[in-house]
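I'd like to ask some things about the structure below.
The values are calculated or read from the model by the stated rules, or taken from the named source; none is laboratory data. Since the structure is predicted, the reported quantities are computational estimates derived from the model, not experimental observations. Virtual Cβ from ideal backbone geometry, glycine too; neighbours counted across all protein chains shown.
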Amino acid sequence: MTGQEIAERIETPEPAALVPTGRSNGPRAARIAAILRCPQCRGVLTMSDADVGCAPCQASYRHHGDCFDFAAAALPDTEDASFQQERMHHRSLRGRLYDLGQRVITSEYAPFDHRAAFLAQIEPGATVVELGSGNRRLNDGIINIDLFPFPNVDIAADIEKSPIASNSVDYVILDSVIEHVPNPQAVIDEVLRILKPRGKLFCINPFLFPYHGYPAHYCNFTRDGMQQLLRNFSSAVVEPHYGPTSAVINILSEYVAVSIAGQRRTPYLVIRASMLLVIGWLRFIDRWLIRSPQSYRLAGMICSVAVK
Ligand SMILES: [Zn+2]
């Protein structure tokens, strides 16, 4: 196949060629087969019991269980990474307690549930991809992509160079992900490529929010920063998702915990949780404060909905 033929394939969504034989079937499996392409040349993939192959460029990839693995990424050998593994695979009581504690003892509060509103408008039969999903599946029809093959991940891949056909996806979700990629603009450009014309991106990201590196935390964005990242979409609405009080509580409890506990993980968690138990309820002030036209100046998190 010539370079020009490959380039034509990149531009044109192809009919489904990948037959997921012997795998879980159903609407999601069929949708995955329809959009999956070679991440290197965007050629059509074929599948055998042993691997997934690309005829145009001769690349081959692995699949294990129900997950196509294009990344074959190894987790870093750190205590943080092994704790993350425990949480993602629901392996330990410690991980489960941490997740439960994070939901109850928290500074996080979205006065308006942008995520639920976005999911509610998705029509049945639409192709929806969550990039950087982790082990969570928002609903059964959503195709999950993550760098690591956690439970519930359909496709393990680098989201800067995804194995998805151009102009093939109706909705993309990026929930607290772009701060963890080295090049957010590359990910946003990739979203623009895979979305169909008039397809929509839903993106939540931190603005005034402490460092939370996993595997790394590179950047936070302001309202203007998001509008700049999304400038090639035909429209983008960017709004505060967590308000100013949430941001102040989050940063203050982190400040006290880090100042006193330093590197010691258990004292850090105890102090931070204690702080949040005492002042966390103040976050509900944001129910009113977020309506201020100035709330974007101190927003904890930012939410964007952009149309291709
Ligand atoms: Zn290829």
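Restricting the search to the stretch 48-67, which residues are within 14 Å of the ligand (Cβ to nearest atom) and either surrounded by 20 or more Cβ atoms within 10 Å (Cβ to Cβ) or closer than 22 Å to GLU160 by Cα (or both)?
Selection gives VAL52, GLY53, CYS54, PRO56, CYS57, GLN58, ALA59, SER60, TYR61.
Could you go through the stretch 230-245 and let me know if any residue there is more than 30 Å from GLY199 (Cα to Cα) and assigned to a helix (DSSP H, G or I). Steps first, please.
If we filter the stretch 230-245 for residues that are more than 30 Å from GLY199 (Cα to Cα), which is where we start, we get 244-245.
Filter once more, keeping what is assigned to a helix (DSSP H, G or I): 244-245.
Yes; the residues of the stretch 230-245 include at least one that is more than 30 Å from GLY199 (Cα to Cα) and assigned to a helix (DSSP H, G or I).
Mind listing whichever residues of the stretch 46-67 are within 23 Å of ASP170 (Cα to Cα) and either of a type in the set (Asp, Glu) or modelled with pLDDT of 90 or more (or both)?
ASP66 - this is the single residue of the stretch 46-67 that is within 23 Å of ASP170 (Cα to Cα) and either of a type in the set (Asp, Glu) or modelled with pLDDT of 90 or more (or both).
Looking only at the stretch 99-124, how many residues end up being without any contact (Cβ under 8 Å) to a residue 40 or more places away in the chain and in contact with a helix residue (DSSP H, G or I) (Cβ under 8 Å, 6 or more places away or on another chain)?
Within the stretch 99-124, residues that are without any contact (Cβ under 8 Å) to a residue 40 or more places away in the chain and in contact with a helix residue (DSSP H, G or I) (Cβ under 8 Å, 6 or more places away or on another chain) number 1.
Return the total of residues in the stretch 211-229 being part of a loop (DSSP other than H, G, I, E, B) and surrounded by fewer than 20 Cβ atoms within 10 Å (Cβ to Cβ).
Counting residues in the stretch 211-229 that are part of a loop (DSSP other than H, G, I, E, B) and surrounded by fewer than 20 Cβ atoms within 10 Å (Cβ to Cβ) gives 11.
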